[in-house]
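Just so it is clear, none of the values below were taken in a lab; they were calculated from the coordinates. What you see is a predicted model, and the numbers here were worked out from it, not measured in a lab. As a convention, Cβ positions derive from the backbone with ideal geometry for all residues, glycine included, and neighbour counts pool all protein chains shown.
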Amino acid sequence: MGRRPQPEIRERLIDACVDHALEHGLPDRLAPFSAATGVSNRMLIYHFGTRDGLLREVLRRARERQLEAFGALLRVRADEPYPATLRRAWPGMSGPEGQRYLRIFTPLHEAGGGPLWPGFRRGATTDWLAPLEDGLRTIGRPELATVVLAVLRGLLMDLDATGDVERTGRAFEAFVRTIERDAGTPRPGAAGPS
């Protein structure tokens with residue numbers, strides 16, 4: 001009689017693999033995951049069935065983490081106009097924490113999800129529309145969600161390609177100012193009407 005899979009071990013392994021992938025990108029071999037978890041390739045296959053099975057699970061779990069982290073950045077706050085929320089979210093999405101997700105998900109975007117996650121590109125886009133619509137609804141402009149998403153994605157792709165943090169940050173700030181002017185939302189620290 002063979003050993004039974006142990007869910008707590010599987011969870012520990014997947015968390016270690018996700019941590020590794022977020023730090024170094026998705027490996028093309030099992031060896032980096034074996035080193036990160038301290039178990040053999042054989043044990044990883046035992047727990048996840050195949051290399052692709054493990055990679056799918058790593059991607060799924062990393063996506064859950066990204067949705068939680070970026071969702072927290074984009075959520076509506078009662079004490080803050082939504083353009084200020086967007087302004088505050090940008091460093092979290094474009095900084096070191098956000099770049100970890102770019103390392104994993106950019107190749108999936110480029111491959112249209114490929115065999116590891118068919119349809120990834122669509123879900124990776126539509127997942128963000130609802131939180132952006134909710135936030136932009138607070139300033140009377142929910143229809144701008146697609147535009148804001150396009151700007152965020154475009155600037156993150158630009159940042160990933162060029163590494164130019166200052167330029168992309170200035171561009172995002174200019175975009176948020178446009179939303180503020182359009183919605184009549186005062187900028188933090190800006191003088192109100194006299």
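Among Val165, Val58, a tally of other beta-carbon atoms within 10 Å of each Cβ gives an order, fewest to most, of Val165, Val58. Computed from the C-beta positions of Arg51 and Arg122 and an R0 of 30 Å, the FRET efficiency is 0.75 to the nearest 0.05. As a calculated quantity, the FRET efficiency between Asp182 and Ala161 at R0 = 45 Å, using C-beta atoms, amounts to about 0.95. With equal scatterers on the alpha carbons only and no solvent term, can you work out the Debye log10 of I(q)/I(0) for the chain at 0.14, 0.18 1/Å? Debye output, listed in q order: -0.84, -1.18.
At an R0 of 22 angstrom, the distance between the Cβ atoms of Asp28 and Arg60 translates into a FRET efficiency of 0.75. Along the axis of the charge dipole computed for region 7-183 (Cβ charges of +1 for Lys and Arg, -1 for Asp and Glu, origin at the Cα centre), the listed residues Gly163, Ala183, Pro115 are led at the positive end by Pro115.
Between Val147 and Ala72, the contour length at 0.36 nm per residue exceeds the alpha carbon distance by 25.0 nm. Taking θ as phi - 60° and the Karplus parameters 6.51, -1.76 and 1.60, the scalar couplings of region 47-58 work out to 7, 10, x, 9, 4, 5, x, 5, 4, 4, 5, 4 Hz in sequence order, x denoting glycine and proline. In a reduced charge model with +1 at each Lys and Arg Cβ and -1 at each Asp and Glu Cβ, the chain shows a dipole moment near 400 debye about its Cα centre. Fewest-first ordering of Glu64, Glu57 by other beta carbons within 10 Å of each residue's beta carbon gives Glu64, Glu57.
Considering helices alone, the calculated mean residue ellipticity of the chain at 222 nm is -23000 deg cm²/dmol, with DSSP H runs of length four and up weighted by -39500 (n - 2.57) and normalised per residue. Going by neighbour counts of Cβ atoms within 10 Å, the residues Thr126, Thr37, Thr178, Thr85 line up, fewest first, as Thr126, Thr178, Thr85, Thr37.
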